[in-house]
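Okay, so here's the structure we're looking at.
The values are calculated or read from the model by the stated rules, or taken from the named source; none is laboratory data. What you see is a predicted model, and the numbers here were worked out from it, not measured in a lab. Here the Cβ positions follow ideal geometry from the backbone for every residue, glycine too, while neighbour counts run over all protein chains shown. With ligands, DNA and RNA removed, areas are computed over all heavy atoms of the protein, side chains included. Shrake-Rupley method; radii C 1.70, N 1.55, O 1.52, S 1.80 Å.
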Amino acid sequence: DIPVAWRAQDTGSDKSLPQIVMDQLLGERSQSELLEVEGAEVRDLILLQIWNGRRPGETCSLELDCLEYSSSGEPVLLYDAGKQKLRRIRVPIHHEPAEIIERQAKRITERFPDTPRSELSLFPARSRNPRGIRSIPVTHLANRIRNWVDRLEIKGQSGSDFPKDRINAYAFRHTYAQRHADHGTPVDVLSA
């Protein structure tokens, strides 16, 4: 998902997106454009990628029942970390991504009423997937982000155009990590 030219020239810290760019992407005008062009399901997929900090493949392959609540009522995401070959990792999340997951889970159970919940993907592939068990490919997420961002006018810190090729699914992961690091989250916690 990360453009080759960008990978070659970047050094760790500038992989995250500046707050001014995130404010524009999450602003009402950009969100309206996203909803109009891509629909509610893709909007929620992209927002979940922004808010959860997981690798793009981990977001795309979430199971329908990937959300639980702790005994204190706080939302917990359950995901599979393919890179580490770990299943059902539990990580606390904010209420915004939890609401997105609940909304999407409702859509999917209504669309695939005959498929057992335990088999459903939270974001099922749109083609050749009559039971909703196969997850959306990461390339779909990347293409939908590109289609949306290319329609927007994004300004950087200096007021000049921000390079749109820097806005991609993996940049949202880096931005999430940077935001939490700036607020004092230890690096060993973020590296998980």
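So is Ile133 among the β-branched types (Val, Ile, Thr) and assigned to a helix (DSSP H, G or I) or not? Criteria not met by Ile133. Restricting attention to region 12-50, the residues that are within 24 Å of Ala177 (Cβ to Cβ) and either open to solvent by 30 Å² or more (accessible area, probe 1.4 Å) or without any contact (Cβ under 8 Å) to a residue 40 or more places away in the chain (or both) total 13.
Those residues that are buried (at least 20 other Cβ atoms within 10 Å of the Cβ) and not basic (Lys, Arg), I need them from region 142-153; list them, please. If the condition is that a residue be buried (at least 20 other Cβ atoms within 10 Å of the Cβ) and not basic (Lys, Arg), then Ile145, Trp148, Val149 are the ones that fit.
From the set of residues in region 77-124 that are of a type in the set (S, T, N, Q) and assigned to a loop (DSSP other than H, G, I, E, B), which is most open to solvent (accessible area, probe 1.4 Å)?
Restricting to residues being of a type in the set (S, T, N, Q) and assigned to a loop (DSSP other than H, G, I, E, B), the top hit is Gln84.
Considering the conditions (1) within 24 Å of Arg179 (Cβ to Cβ); (2) over 12 Å from the mean Cα position of the chain (by Cα); (3) small (Gly, Ala, Ser), Gly57 is excluded by exactly one of them, (2). Scanning region 42-65 turns up no residue that is among the aromatic types (Phe, Trp, Tyr) and either out of contact with any Phe, Trp or Tyr (no Cβ under 8 Å at 6 or more places or on another chain) or in a loop (DSSP other than H, G, I, E, B) (or both).
Identify, from the list Thr175, Thr139, Thr185, the residue that is open to solvent by 60 Å² or more (accessible area, probe 1.4 Å) and either modelled with pLDDT under 95 or part of a helix (DSSP H, G or I) (or both).
On the way: Thr175 fails: open to solvent by 60 Å² or more (accessible area, probe 1.4 Å); Thr185 fails: open to solvent by 60 Å² or more (accessible area, probe 1.4 Å).
So the residue among Thr175, Thr139, Thr185 that is open to solvent by 60 Å² or more (accessible area, probe 1.4 Å) and either modelled with pLDDT under 95 or part of a helix (DSSP H, G or I) (or both) is Thr139.
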